[in-house]
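Student: My questions will all concern the structure given below.
Each reported figure results from applying straightforward, stated rules to the coordinates on display, with no laboratory input. The structure presented is a predicted model; accordingly, all values stated were derived computationally and were not measured. In this analysis, Cβ positions are derived from the backbone assuming ideal geometry, glycine residues included, and neighbour counts consider all displayed protein chains.
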Amino acid sequence: MNKQLIIALGLVVLATPALASKARLAALGEDIYGSFYISDNRNIFYNAAQLNNHKDLVTMEWGNTTAAKDSNQSPRAEGGFFKSAGNLVYGIHLGSESNSSNDLRTAAGVVAYEENNLDLFIAGDAGIKWGANLTYSKSAKDETTSTLGTGFVASNNKQEAIRTRFGMIAGDLEGYANINIANKAESTLVAPAPAPDPSGNNEFKENTSYQIGAIYNLMDYRLFADYRSQSGEAQGGANLDGKLSSSQLQVGAGRATKLNDKATLFTKLQYQRINAENKTGVAQDVGLGGEWVEGLATCDINNPIFCKKFSASFIPVVVGLEFDAASWLVLRGSVAQAIWGNQKASDKSGITESTTLNGGASVKFGEASIDGSVSNDNTTNVTYSRVAMTYRF
């Protein structure tokens, strides 16, 4: 088990609840960018109006600042501060880079990832809760780095990203729209010999991309529908030009059930559909004979944009439990599995092993809590962990 998690679980103190983080959501089998049915401050990243429900706090996520993608294997560091002032709530969040944006850039042969992201939030309650957000990221580096694990070398990396989020909550109904304003990046990529040379100034420019969704409270259930669409174009060295596109639909229902005064059961059933297409040469590996063959990047349900063409439909089920083991300690865990599904990606078909187990805990210290989680990768059987801290004032 990760030493950070051991330290977190070793803190034995008294406190009031302060439970909200990527570590908590990962332990309950949810997306790190928020849950459609579990109350958590990470929900502001799909609906900015959720800031009205998660205010007067400081949150920090432990991790690194070099990974192109936030994952249980390699979490990224980030943190924020949110405060109420009358009927308004405002805040700033640092370091919340977009996984989907960085995937598109990588799939376009660009190694200039989002970094130093700045998120500004404002929300209010005027009978209807509303919220808005602006995300900005810009950087330029002349340093030379190896990338992709294949001997490729990248340099002269430049990137810029601008996004906005709008959301509302009116009684039992909430809706949101998140829109990409600008997303462009470029880098010089050089391939090792004796491969055909795709060297050049590779560029990526995202087209109009968006996420829209709605959630409705029906009795004890949260009914949700979420649709995301992204597309862009790559330009660069030999065989690297082409379009990229991906979309995802999620429709389902989730429920948080109080079993008693100490335990809450979380259950979710949803239908999910993913489509992606990559018409660039980065969906191919460079063969020694000069032909392009698949293999440069992983092509699977977790990385659909790296497939020439990918489609999947499946029905995942998640069951989670959160238990107040003591006044200072909360334990949680979840199990998830796709009970039905099919996928088409090159010569692959069918859904592979999908059962995942996650666990975690929160140790409380005054108005603060330290959250830890452990997750098992069902393909490598390696256990990974996350650690976060939240302070409420």
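Student: Non-local amide H neighbours of ASP56 (under 5 Å, H modeled in plane, Pro and chain starts lacking H): which ones?
Tutor: Long-range HN contacts for ASP56: PHE82, LYS83, SER84.
Student: Report, in whole Å, the centroid distance computed from the Cα atoms of the stretch 303-339 and the stretch 75-110.
Tutor: Each part reduced to its Cα centre gives a spacing of 22 Å.
Student: List, in order, the whole-Hz ³J(HN,Hα) value for each residue of the stretch 214-231 obtained from phi through the Karplus relation with A = 6.51, B = -1.76, C = 1.60 and θ = phi - 60°; use x for Gly and Pro.
Tutor: Once θ is set to phi - 60°, the couplings for the stretch 214-231 become 8, 9, 10, 7, 10, 6, 9, 10, 10, 8, 9, 9, 9, 10, 10, 9, 9, 7 Hz.
Student: Quick one: 3J(HN,Hα) in Hz for the stretch 76-89, Karplus 6.51/-1.76/1.60 with θ = phi - 60°, rounded, Gly and Pro as x.
Tutor: Going residue by residue, I get 9, 7, 6, x, x, 9, 9, 9, 8, 8, x, 8, 9, 10 Hz, with x marking Gly and Pro.
Student: What residues have an amide H closer than 5 Å to that of ASN207, excluding those fewer than 5 places away on the same chain, when H is modeled at 1.01 Å from N in the peptide plane?
Tutor: Those lying under 5 Å, H to H, from ASN207 are SER231, GLY232, GLU233.
Student: Take VAL387, VAL317 and order them by how many other Cβ atoms sit within 10 Å, fewest up front.
Tutor: VAL317, VAL387
Student: List, in order, the whole-Hz ³J(HN,Hα) value for each residue of the stretch 254-266 obtained from phi through the Karplus relation with A = 6.51, B = -1.76, C = 1.60 and θ = phi - 60°; use x for Gly and Pro.
Tutor: Working through the residues one at a time gives x, 8, 10, 10, 6, 6, 6, 6, 10, 10, 10, 9, 10 Hz.
Student: Taking amide H positions as placed in the peptide plane 1.01 Å from N, state which residues far from GLY236 in sequence (5 or more) or on other chains have amide H under 5 Å from it.
Tutor: For GLY236, the qualifying residues are GLU203, ASP241.
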